[in-house]
Amino acid sequence: MITNVPGICLVTFYADCVPLFFYDPVKKVVAAAHSGWRGTVAGIGRVMVDKLVSDNGCKREDVLAVVGPSICGNCYEVSSDVVDGFSDAYGKDMANSISSPHGDGKFLVDLWEANRYVLKSAGIKDEHIQVSGICTYHNPELMISHRETDGKRGNMAGVVVL
């Protein structure tokens, strides 16, 4: 979702997935996206940056991006198909840099770094990317983690507004 209208709230929902927030202080535009592993593999961060540029006249060098609270790379255990998805989309080197074997054919994947990679490849300056560093799994008293609650339903909302 993207808006340049002051007072309009963009709201997305998460439990462990990555919220992405964007702000262009020059064009006065905000945006929000939900980036689970499939969205990250599909490059939703790059799609958002491309839309900010094509539809709103933003310049990549002006856009600020935040990778919000979500499950960290020490907690996000996945099967090999997830790592294969990253490898197919971005190459084996990138997939290896964001994943590590975790036994029994499982891997740990760092969605924070994967999204940083996607945002940088979209032309966002490294110094304009802020990773919150807050893990949903490690902070159950503050946030809902689908994995920490063993699948009990709950959501958090991510909100951005001009």
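The values are calculated or read from the model by the stated rules, or taken from the named source; none is laboratory data. Just so we're clear, the structure is a prediction, and the values are computed from it rather than from any experiment. Heads up, the Cβs are rebuilt from the backbone with ideal geometry, glycines too, and the neighbour counts pull from every protein chain shown. The area values use the complete protein model at the heavy-atom level, side chains included, leaving out ligands, DNA and RNA. Shrake-Rupley method; radii C 1.70, N 1.55, O 1.52, S 1.80 Å.
Figure the gain on full extension for CYS9 and SER132 (residue separation times 0.36 nm, minus the Cα-Cα span) and round it to one decimal in nm. Don't jump to the answer; show the numbers that get you there.
Details: separation 123, 0.36 × 123 = 44.28 nm, distance 2.05 nm.
Going from the current span to full extension adds 42.2 nm.
If you average the sequence gap of Cα pairs under 8 Å that are 6 or more apart and divide by the length of the chain, what percent do you get for the contact order?
Numbers: 324 pairs, mean separation 52.9, N = 162.
Reported relative contact order: 33 percent.
Which links in LYS51/LYS120; LYS59/LYS120; LYS28/LYS51; LYS92/LYS125; LYS28/LYS59 stretch past 18 Å when you go from one Cα to the other?
Working: LYS51/LYS120 15 Å; LYS59/LYS120 14 Å; LYS28/LYS51 14 Å; LYS92/LYS125 23 Å; LYS28/LYS59 12 Å.
LYS92/LYS125, as the Cα separations exceed 18 Å there.
Lone cysteines in the chain, defined as no other cysteine's Cβ under 4.7 Å from theirs: which are they?
CYS9, CYS17, CYS58, CYS75
Report, to the nearest whole %, how much of the accessible area of the chain belongs to carbon and sulfur atoms, 1.4 Å probe, protein only. If you can, show how the numbers build up before the last one.
On the way: 4200 of 8060 Å².
Percent of accessible area from carbon and sulfur atoms in the chain: 52.
Could you sort ARG46, ARG38 by accessible area so the largest value comes first, with the probe set to 1.4 Å?
Per-residue accessible area, sorted high to low, gives ARG38, ARG46.
Translational diffusion coefficient, Stokes-Einstein: compute it for the range 56-162 using the Kirkwood radius over C-alpha pairs as Rh, at 37 °C and 0.692 mPa s, and state it as an integer in µm² s⁻¹. Before the final figure, lay out each step's value.
Values: Rh = 15.4 Å.
Result for D is 214 µm²/s.
Extending each Cα 7 Å along its Cβ direction at LYS59 and ALA89, get the distance between those two points in nm, one decimal.
My value for the distance between the label points is 2.9 nm.
Helix-only mean residue ellipticity at 222 nm, the chain, DSSP H runs n ≥ 4 weighted -39,500 (n - 2.57), per residue, nearest 500. What is it? Walk me through the numbers on the way to the answer.
Values: 5 runs with 47 residues, N = 162.
That calculation yields -8500 deg cm²/dmol at 222 nm.
Compute the distribution of all C-alpha to C-alpha distances in the range 11-108, in bins of 10 Å from 0, and list the percent of pairs in each, rounded to whole numbers.
P(r) for the range 11-108, in whole percents per bin: 15, 40, 30, 13, 2.
Largest first, how would MET156, MET1 line up by accessible area (1.4 Å probe)?
On the way: MET156 40, MET1 100 Å².
These residues rank, largest area first, as MET1, MET156.
What FRET efficiency comes out for the pair LYS106/VAL47, r = Cβ-Cβ distance, R0 = 30 Å, nearest 0.05? Walk me through the intermediate numbers first.
Values: r = 29 Å, r/R0 = 0.96.
With a Förster radius of 30 Å, E is 0.55.
Taking a probe of 1.4 Å, how large is the accessible area per residue of the range 1-109, in Å²?
Values: 5020 Å² over 109 residues.
Accessible surface, normalised per residue, equals 46 Å².
Got a number for the accessible area of ASP110? Probe 1.4 Å, square angstrom, nearest 10.
Accessible surface of ASP110 is approximately 40 Å².
Please work out how much length the chain gains when fully extended from SER121 to ARG38, using 0.36 nm per residue of separation minus the C-alpha to C-alpha distance, in nm with one decimal. Walk me through the numbers on the way to the answer.
Numbers: separation 83, 0.36 × 83 = 29.88 nm, distance 1.72 nm.
The SER121-ARG38 span can extend by a further 28.2 nm.
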